[in-house]
Amino acid sequence: MEGFEEGSPVDRESGNVVLCGASAYEEKYYFNPDFDKLPESIKEDLRIISVLFVSEIGGIFLMEFNGDGELMFRTEAKDSDYNYDDIGAGLMIKEIRSSREEFLRDLELFYRVFILKLPLEEDGDADR
């Protein structure tokens with residue numbers, strides 16, 4: 001991806017902190033070691049989501065946190081990649097967000113509390 005340095009947990013272009021990602025081009029999975037405190041089962045779920053995404057859609061897939069602690073999905077493909085399914089990418093992201101809503105919300109809470117060191121809001125996250 002433009003602006004993404006291999007091995008760097010921060011995307012230079014967006015300033016987002018990369019949680020994990022996968023590339024269909026290099027057939028590689030990346031997990032940010034800053035999140036090693038996550039349970040192994042969650043790390044495995046993240047790996048499955050990322051690798052499954054690029055195996056079905058192609059291109060590059062990243063899960064990253066923005067400055068507010070929101071988990072963002074980002075995907076793109078090389079201009080020469082005519083097999084990349086742009087419409088399928090949008091649909092698959094929508095499906096992940098829908099089927100894994102609680103899992104993703106818990107990741108955001110983890111990031112806000114343990115990484116950003118924000119106070120735990122008792123009512124704030126319940127409204128989401």
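Summary table below
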{"item": "Segment Asp86-Val113, extension gain: residue separation times 0.36 nm, minus the distance between their alpha carbons", "result": "6.3 nm"}
{"item": "Amide H contacts of Leu118 (H built 1.01 Å from N, under 5 Å, at least 5 apart or other chain)", "result": "Val113"}
{"item": "The chain - charge dipole about Cα centre, Lys and Arg +1 at Cβ, Asp and Glu -1, debye rounded to 20", "result": "160"}
{"item": "Surface share of carbon and sulfur [accessible, 1.4 angstrom probe, percent] for the chain", "result": "50"}
{"item": "Bins of 10 Å, starting at 0 and running to the largest distance - Cα pair percent for the range 24-128", "result": "13, 44, 31, 11, 1"}
{"item": "For the range 69-80, 3J(HN,Hα) per residue [Karplus equation, 6.51 cos²θ - 1.76 cosθ + 1.60, θ = phi - 60°, Hz, x = Gly/Pro]", "result": "x, 7, 7, 10, 10, 9, 9, 7, 9, 5, 4, 7"}
{"item": "Other-chain or far-sequence residues with amide H under 5 Å of Met72's (modelled H)", "result": "Glu64, Phe65, Asn66"}
{"item": "Length gained when the stretch Leu120-Tyr29 is fully extended (0.36 nm per residue, less Cα-Cα span)", "result": "29.7 nm"}
{"item": "Candidate lysines - alpha carbon under 17 Å from Lys37, same-chain residues fewer than 8 apart omitted", "result": "Lys117"}
{"item": "Accessible area per residue, Å², the chain with all protein chains present, probe 1.4 Å", "result": "61"}
{"item": "Candidate lysines - alpha carbon under 18 Å from Lys78, same-chain residues fewer than 8 apart omitted", "result": "Lys28"}
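The values are calculated or read from the model by the stated rules, or taken from the named source; none is laboratory data. This structure is a prediction, so every number in the text was calculated from the model and none was measured. Don't worry about glycine lacking a Cβ; one is built from the backbone with ideal geometry, like all the others, and counts go over all protein chains shown. Heads up: the accessible areas ignore ligands, DNA and RNA and are worked out on the full protein's heavy atoms, side chains in. Shrake-Rupley method; radii C 1.70, N 1.55, O 1.52, S 1.80 Å.
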